[in-house]
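Visitor: One structure, pasted below without further comment.
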Amino acid sequence: MATQKKKNKGPVKKAARQPASGTARKTRTATGASSAREKLTVLRPSGKKDDSFFELVHEVARQIPRGRVTSYGAIAACLGAHRSARMVGWAMMQTPYAKKPVPAHRVVNSIGLLSGRHHFHPPERMQQLLEKEGITIKNERVVDFRKLFWDPAKEL
């Protein structure tokens with residue numbers, strides 16, 4: 001009885017290493033897409049289960065006190081996503097569609113610049129809202145930014 005050799009159709013892909021037990025595991029298919037093998041249910045700060053990242057960002061932004069500001073990066077760090085400041089920016093753009101109001105005008109960039117002002121209508125509205133809360137703005141930048149900075153990681 002003759003045996004047939006299998007034809008080699010290119011390099012063989014190695015299976016992805018699995019993380020230690022107790023963490024969410026993902027496996028890769030031949031196309032590169034990942035499918036969740038295990039889903040963890042976690043309670044989030046809002047008390048709901050499995051909140052989306054955008055909802056978590058909105059929840060943190062709602063807790064910024066009047067007359068204080070924070071940065072996109074500080075919110076990202078508070079949520080454990082230190083390098084996701086831009087993603088926080090995307091979440092802040094969705095505040096008009098949030099179920100509860102979000103004070104998006106209190107979130108500025110890391111040097112106090114009103115970088116999200118173009119998403120307000122008219123663009124001067126962000127500055128007007130901050131000045132109404134007693135924050136001084138000069139050249140589209142928060143004066144005494146470090147003094148008015150609210151760090152969500154320390155407060156929450």
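Visitor: Beyond 28 Å between alpha-carbons counts as too far, so tell me which of Lys100/Lys154; Lys132/Lys154; Lys100/Lys138 fall in that bin.
Guide: Lys100/Lys138
Visitor: Okay, moving on. Could you state the accessible area per residue of segment 54-156 in Å², with a 1.4 Å probe and every protein chain left in place?
Guide: For segment 54-156, the per-residue accessible area is 60 Å².
Visitor: Count neighbours as other Cβ atoms within 10 Å of each site's Cβ, and list the trypsin sites (Lys or Arg not before Pro) in segment 58-156 that are DSSP loop with at most 14 such neighbours.
Guide: Those satisfying the criteria are Arg66, Arg83, Lys99.
The values are calculated or read from the model by the stated rules, or taken from the named source; none is laboratory data. This is a predicted model, so every value here is computed, not measured. Glycine also receives a Cβ, built like all others from the backbone with ideal geometry; neighbour counts cover every protein chain displayed. These area figures cover heavy atoms from the full protein model, side chains too; ligands, DNA and RNA do not enter into them. Shrake-Rupley method; radii C 1.70, N 1.55, O 1.52, S 1.80 Å.
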